[in-house]
1. Is there any pair linking a residue in segment 299-314 that is open to solvent by less than 60 Å² (accessible area, probe 1.4 Å) to one that is in a strand (DSSP E or B), with Cβ under 6 Å and at least six apart or on different chains, and which?
2. Being among the small types (Gly, Ala, Ser), within 15 Å of Val321 (Cβ to Cβ) and touching a residue at least 40 places away in the same chain (Cβ under 8 Å) narrows it down to one residue among Gly123, Gly110, Gly44; which is it?
3. Which condition number does Gly145 fail, the rest of (1) part of a helix (DSSP H, G or I); (2) within 14 Å of the ligand (Cβ to nearest atom); (3) touching a strand residue (DSSP E or B) at 6+ places or on another chain (Cβ under 7 Å) being met?
4. List every residue pair whose Cβ atoms lie under 8 Å apart, where the two residues are 6 or more positions apart in sequence or sit on different chains, the first residue falls within segment 152-171 and is under 18 Å from Phe342 (Cβ atoms) and open to solvent by 30 Å² or more (accessible area, probe 1.4 Å), and the second residue, located anywhere, is modelled with pLDDT under 95 and not aromatic (Phe, Trp, Tyr).
5. Please go through segment 179-222 and give me each residue that is farther than 28 Å from Leu352 by Cα and either of a type in the set (Phe, Trp, Tyr) or touching a Ser or Thr at 6+ places or on another chain (Cβ under 8 Å) (or both), ordered by number.
6. Yes or no: Ala320 within 16 Å of the ligand (Cβ to nearest atom) and in contact with an Asp or Glu (Cβ under 7 Å, 6 or more places away or on another chain)?
7. Any idea which of Leu124, Leu89, Leu98 is within 27 Å of the chain's Cα centre (by Cα) and under 20 Å from Pro316 (Cα atoms)?
Amino acid sequence: MSDPSPASGALPPLRIAIAGLGTVGAGVIRLLDTNRELIAARAGRAIEVSAVSARDRAKDRGVNHERFSWEDDMTALATRADVDVVLELVGGSDGPALALSRAALDAGKGLVTANKAMIAHHGLSLAEQAEAKGAPLKFEAAVAGGIPVVKGLREGTSANALTKVYGILNGTCNYILSEMEATGADFAEVLADAQRLGYAEADPTFDIEGIDAAHKLAILAAIGFGARVDFASVRTTGIVAVRAADIAQADALGFVIRLIAEADVQEGSLLQRVRPCLVAKDHPLSGVDGPTNAVVAEGNFSGRLLFQGAGAGDGPTASAVVADLIDIARVFENGGEVGAPFSMPVAQLAALGPADPANRLERAYLRFTVNDRPGVLAEITAAMRDADVSIESLIQQGRGNADGEVLVAMVTHEGPERSVARALELLEGSESLTAAPLVLPILPA
Ligand SMILES: NC(=O)c1ccc[n+]([C@@H]2O[C@H](COP(=O)([O-])OP(=O)(O)OC[C@H]3O[C@@H](n4cnc5c(N)ncnc54)[C@H](OP(=O)(O)O)[C@@H]3O)[C@@H](O)[C@H]2O)c1
């Protein structure tokens, strides 16, 4: 079926400005050029670039931007008379990206951004500003790149009460963990390869410490649960402590290890966490490899939904940015409105307190690095018994390494999280342990 284009030609073009001509900005120009006619048909009018800005005008970006006006100071884009919508594709939670975004909304322009850090930190105040000005604010590309999960939760599941939202939201970590799985190599070696291949930044902190996934989770949780964005209360653990030996043990037990971002609401409290988890090999998330992202949303009427695709890259991210523009082109300045950025007006979003997971029940994988000497195993199992942790299986690696260390891995039966925390407290300071123990929860089926 061909697309209806009832208003094609009738409406003036939607005029945009692009701040940032890096991976995403250049991708947007390429996409607008390549799919020009299809986009105009779907948007009901043409989308035209009026002006652009980046730091270095002379840089070769693989796209011709000389045909557009150039602004050295990107905030000048916000007040140009020939601009309806500003694209913020610069990055950074504060600084120039935030100044531009505030200026654009203040001038009554629409704002489209791919900036998860800014939306996680300032999304609510930007949404308030957008509401006050009647201007659209959209950020599909900020979460899971090309996957239309913001739209999916804002619109597709809007009739549901969601029970939980979780998934794999950081492609760099997923690439590293799946490479460790495929090659048996340790974290540091795979990270160095990922940096060489461009899958990890020179400074990978935001990715490997789980902060990037936490930004995205805070945005998804706000939309999914109709809650105020609360990035500060996301409990975040990265993947740095995961060793090749953990991946091998998990494999032997029927699991893979993935960095899982998860949020749910119980008794009016919001639990948001990012942590490496064991994922059973028959769970849909276990097959999500490499830089791919995936989000699972569970609705009380929709059941389980799985969104999966490329979480980054110029094409997928540009696809999400331009989809937001098409939404705006259809309704903005055309008598309609694009809807609240977080699914409902900011004043209606619930201020949910952060949940304390201590009494939540879960199974966990525990790994201890211990001195290879008699009595160590008894000491660990005694701590488990005293803390009321029930052990489902226990594996002790056959031989010690050159330092006389062995790994002891175990899987617990389901029990309250506080019990495992208590067992670790009991073992604190033990001379038998040569490194901090690792606890990886097991993702429920
Ligand atoms: N890359 C992805 O796959 C991806 C996916 C999802 C979301 N995002 C988000 O999209 C945004 C952009 O990411 P990116 O990967 O495209 O970044 P990038 O390749 O580093 O590009 C950033 C652009 O911003 C420009 N810029 C930086 N500081 C500036 C300033 N003070 N004034 C004017 N321009 C400035 C840079 O100019 P120069 O080129 O002249 O240096 C560059 O063109 C970020 O928020 C990122 O988190 C990216």
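The values are calculated or read from the model by the stated rules, or taken from the named source; none is laboratory data. Bear in mind the structure is a predicted one, so any value in this text is a computation, not a measurement. Neighbour counts are summed over all protein chains in view; Cβ atoms, including those assigned to glycine, are modelled from backbone coordinates with ideal geometry. For the accessible areas, the whole protein counts, side chains as well, though only heavy atoms, and no ligand, DNA or RNA atoms are used. Shrake-Rupley method; radii C 1.70, N 1.55, O 1.52, S 1.80 Å.
1. Gly299/Leu162; Leu305/Ala297; Phe307/Val295; Gly311/Asn293
2. Details: Gly123 fails: within 15 Å of Val321 (Cβ to Cβ); Gly44 fails: within 15 Å of Val321 (Cβ to Cβ).
After ruling out the rest, the residue left standing is Gly110.
3. (1) is the only condition that Gly145 fails.
4. Short answer, once both residue conditions are applied: Arg154/Gly339; Arg154/Ser343; Glu155/Gly339; Ser158/Ser343.
5. Initially, segment 179-222 is screened for residues farther than 28 Å from Leu352 by Cα, giving 179-205.
Across segment 179-222, the qualifying residues are Phe187, Val190, Ala194, Tyr199, Ala200, Glu201, Pro204.
6. Values: within 16 Å of the ligand (Cβ to nearest atom): yes; in contact with an Asp or Glu (Cβ under 7 Å, 6 or more places away or on another chain): yes.
Considered against the rule, which asks whether it is within 16 Å of the ligand (Cβ to nearest atom) and in contact with an Asp or Glu (Cβ under 7 Å, 6 or more places away or on another chain), Ala320 comes out as yes.
7. That would be Leu89, the only listed residue that is within 27 Å of the chain's Cα centre (by Cα) and under 20 Å from Pro316 (Cα atoms).
Conditions (1) farther than 19 Å from Ala221 by Cα; (2) not hydrophobic (A, V, I, L, M, F, W, C), marked per residue:
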site	(1), (2)
Arg235	no, yes
Ala241	yes, no
Gln249	yes, yes
Gln266	no, yes
Arg273	no, yes
Val279	yes, no
Leu285	no, no
